[in-house]
Amino acid sequence: MERVPLHIELPAPVAAACGRLREAGFQAYVVGGSVRDSLLGRPPHDWDLATDARPEEVLALFPGARPTGIVFGTVTVPLDGDEPPHQVEVTTFRADLEYRDAHRPARVAFTRDLATDLARRDFTVNALAYDPVEGRLLDLWQGRQDLAQGLVRAVGEPKARLHEDPLRSLRAIRLVAQFGFRIEPGTREAIRALAHRLTLLSAERVRDEVLRILAGPHAGQALWEASDLHVLDTVFPELAPARTFPQGKPNAPTLLDHLIQTVAACPPDPVLRLAALLHDVAKPQTARRLDDGRVVFYGHDVLGAEIASQISQRLRLDRRRQEVVASLVRWHMVSGPDVGKKAVRRWLTQAPRLEGEASGEMWVRRLIALRRADHIASGHGPDNPFADHLEQQLAEVLAEASAFTVRDLALDGHQVMAILKIGPGPAVGRALAYLLDRVLEDPSLNTPEQLTELLLQNPPTDQPS
């Protein structure tokens, strides 16, 4: 085992946890992605420790620790102090003995041997261990060399390692998306040969990896790898026709070329990029050749939204993300000078939004970004007159003191009833909806006097229920 002198700056709470294990007579190493990211000069998102202490010994050593995966040797330890992280996972060295459910081993055997533990890990760049006390990197599988070369290589025999857990194939592609790595030939062939086993995974596990891939700075490169290795077709069978469907756009001979280029041209928002990947998914089904020889795709936006919704449901996206993805696909063709402030105001009020988004503003911005990316992937430059127009309309609407919901109107339901001399009922709702529609068109109308005049001129009781 190669032991290379190295210094990694650990957060004080993590170093203290390692020190406590060592003082108690146990081994303690920082392992996995935190070592990899540190060697790449990237701040780790979390820190994982490996030790020869058994789970019950870790629990006894750290008051407040809780068994979060004790069957597999994992204990979550709270860390002292204000400096993050505030907890760390400590896992006992182990060997995985059987995989029966394409997810986790059916049995594990705890061991005192770090080499045995490292040998069970997925890729060499994740099979690194750092001894913070001696200041040495332990590298059994030449992970540091692969890291320097930007290679994703399975630990041990690739087919055996990927067969244990098919999700490792998606993780390999995620490393491509995150770091721009290449997958070494033996691991590539194993991914291609075992791509069909991705269907054994739960939708939630696939969803989480897909979103991480789409969030990566090298998502386009990763999607090409996924396509070449038959992973993309397995996860998104609806995209299979796109591989050979002619697109006829500059630098995009097939529809799949165009879709992946659109993803790559989008900001790293996984929900936006999922919509970009699916925005033309219905083109093969809607293609029609006109008498003049032109090929048109009437209705591909509407049918595409339905397909995107089905895919989002299959991936178990939450309802908000399902709605955002489907609606972006539905409206990705909107264009023209007629899309003015009234449309933007309606979107701000009615467009779907993700958790924490107070209005539809982010939806409009995602739509603008999708239109720009689609334009670029169609062989044009970054300048897009419609996207510029829509961005200007959005800026002007946001600068207005405008009403976006009936709650923002200068009249409420009680005042409407008094003006019209009517009681509670559907007519009140119709009146408020009518007033909001007029105010969305012209915000200057949102005064009690003008709204009163509008009501008296167009009483809602004359409207059909």
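Residues in segment 422-462 that are farther than 23 Å from Ala343 by Cα, modelled with pLDDT of 85 or more and not in a helix (DSSP H, G or I) were compared, and the one that is nearest to the chain's Cα centre (by Cα) is Gly425. Elements of the type helices (runs of 4 or more DSSP H) sitting completely within segment 35-153 and holding at least 3 residues that are not hydrophobic (A, V, I, L, M, F, W, C): these cover 55-61, 143-149.
Any residue that is at positive phi, open to solvent by less than 70 Å² (accessible area, probe 1.4 Å), modelled with pLDDT under 90 and in contact with a helix residue (DSSP H, G or I) (Cβ under 8 Å, 6 or more places away or on another chain) - is there at least one of those in segment 100-110? The answer is yes; a qualifying residue exists.
Scanning segment 138-150 for residues that are closer than 20 Å to His7 by Cα, within 28 Å of the chain's Cα centre (by Cα) and open to solvent by 40 Å² or more (accessible area, probe 1.4 Å) returns a single hit, Ala148. Checked against (1) closer than 19 Å to Ile260 by Cα; (2) open to solvent by less than 10 Å² (accessible area, probe 1.4 Å), Val364 meets all criteria but (1). Only a single item in (1) touching a residue at least 60 places away in the same chain (Cβ under 8 Å); (2) of a type outside the set (A, V, I, L, M, F, W, C); (3) crowded, with 16+ Cβ neighbours inside 10 Å is not met by Arg430, and it is number (1). Of the residues in segment 341-352, at least one is open to solvent by less than 60 Å² (accessible area, probe 1.4 Å), of a type in the set (Phe, Trp, Tyr), farther than 23 Å from Gln285 by Cα and at pLDDT 90 or above. Arg212 - would you say it is open to solvent by 40 Å² or more (accessible area, probe 1.4 Å), within 25 Å of Ala102 (Cα to Cα) and touching a residue at least 40 places away in the same chain (Cβ under 8 Å)? Yes. For Ile376, the stated conditions do not hold, so it cannot be described as of a type in the set (A, V, I, L, M), under 15 Å from Val339 (Cβ atoms) and surrounded by 13 or more Cβ atoms within 10 Å (Cβ to Cβ).
Filtered by the rule that a residue be under 25 Å from Thr262 (Cα atoms) and among the basic types (Lys, Arg), segment 313-360 gives Arg314, Arg316, Arg319, Arg320, Arg321, Arg330, Arg353. Criterion applied to Arg182, Arg153, Arg161, Arg205 was being under 18 Å from the mean Cα position of the chain (by Cα), surrounded by 16 or more Cβ atoms within 10 Å (Cβ to Cβ), closer than 29 Å to Pro43 by Cβ and of a type in the set (Lys, Arg), and the one residue passing it is Arg205. Assessment of segment 381-396 against the conditions (in contact (Cβ under 8 Å) with a residue 12 or more places away in the chain and either of a type in the set (Ser, Thr, Tyr) or more than 20 Å from Asp338 (Cβ to Cβ) (or both)) yields no matching residue. Look through segment 318-340, keep the residues that are open to solvent by 10 Å² or more (accessible area, probe 1.4 Å) and of a type in the set (Val, Ile, Thr), and return whichever of them is farthest from Ala305 (Cα to Cα). Among residues in segment 318-340 that are open to solvent by 10 Å² or more (accessible area, probe 1.4 Å) and of a type in the set (Val, Ile, Thr), the one farthest from Ala305 (Cα to Cα) is Val339. None of Pro241, Pro217, Pro267 is in contact (Cβ under 8 Å) with a residue 40 or more places away in the chain and assigned to a helix (DSSP H, G or I) except Pro241. Among the residues of segment 277-299, are any within 30 Å of Arg161 (Cα to Cα), among the basic types (Lys, Arg) and free of Cβ contacts under 8 Å to residues at least 60 places away in the same chain? Within segment 277-299, none of the residues are within 30 Å of Arg161 (Cα to Cα), among the basic types (Lys, Arg) and free of Cβ contacts under 8 Å to residues at least 60 places away in the same chain.
Counting only residues that are within 11 Å of Arg345 (Cβ to Cβ) and touching a residue at least 40 places away in the same chain (Cβ under 8 Å), segment 399-427 holds 5 of them. Does His86 fit the bill of being within 27 Å of the chain's Cα centre (by Cα) and under 26 Å from Leu170 (Cα atoms)? Judged against the criteria, His86 is not a match.
When you scan segment 125-137, do you find a residue that is within 29 Å of the chain's Cα centre (by Cα) and open to solvent by 40 Å² or more (accessible area, probe 1.4 Å), even just one? No, segment 125-137 has no match at all. Of the residues making up segment 381-421, those that are under 18 Å from Thr452 (Cβ atoms), in a loop (DSSP other than H, G, I, E, B) and open to solvent by 30 Å² or more (accessible area, probe 1.4 Å) are Ala410, Asp412, Lys421. Applying a threshold of 9 Å to beta carbon distances and a minimum spacing of six or more residues, or different chains, the list of pairs starting in segment 439-465 at a residue that is surrounded by 18 or more Cβ atoms within 10 Å (Cβ to Cβ) and ending at one that is modelled with pLDDT of 80 or more and aromatic (Phe, Trp, Tyr) reads Leu455/Tyr434; Pro460/Tyr434. Filtering Ala373, Ala351, Ala399 for residues that are under 30 Å from Gly248 (Cα atoms) and either touching a Cys at 6+ places or on another chain (Cβ under 6 Å) or small (Gly, Ala, Ser) (or both) leaves a single hit, Ala373.
The values are calculated or read from the model by the stated rules, or taken from the named source; none is laboratory data. All figures in this text were calculated on a predicted structure; none of them were measured in a lab. Every residue, glycine among them, receives a Cβ derived from its backbone with ideal geometry; neighbour counts consider all protein chains shown. Protein only, heavy atoms only, side chains kept; ligands, DNA and RNA dropped before computing areas. Shrake-Rupley method; radii C 1.70, N 1.55, O 1.52, S 1.80 Å.
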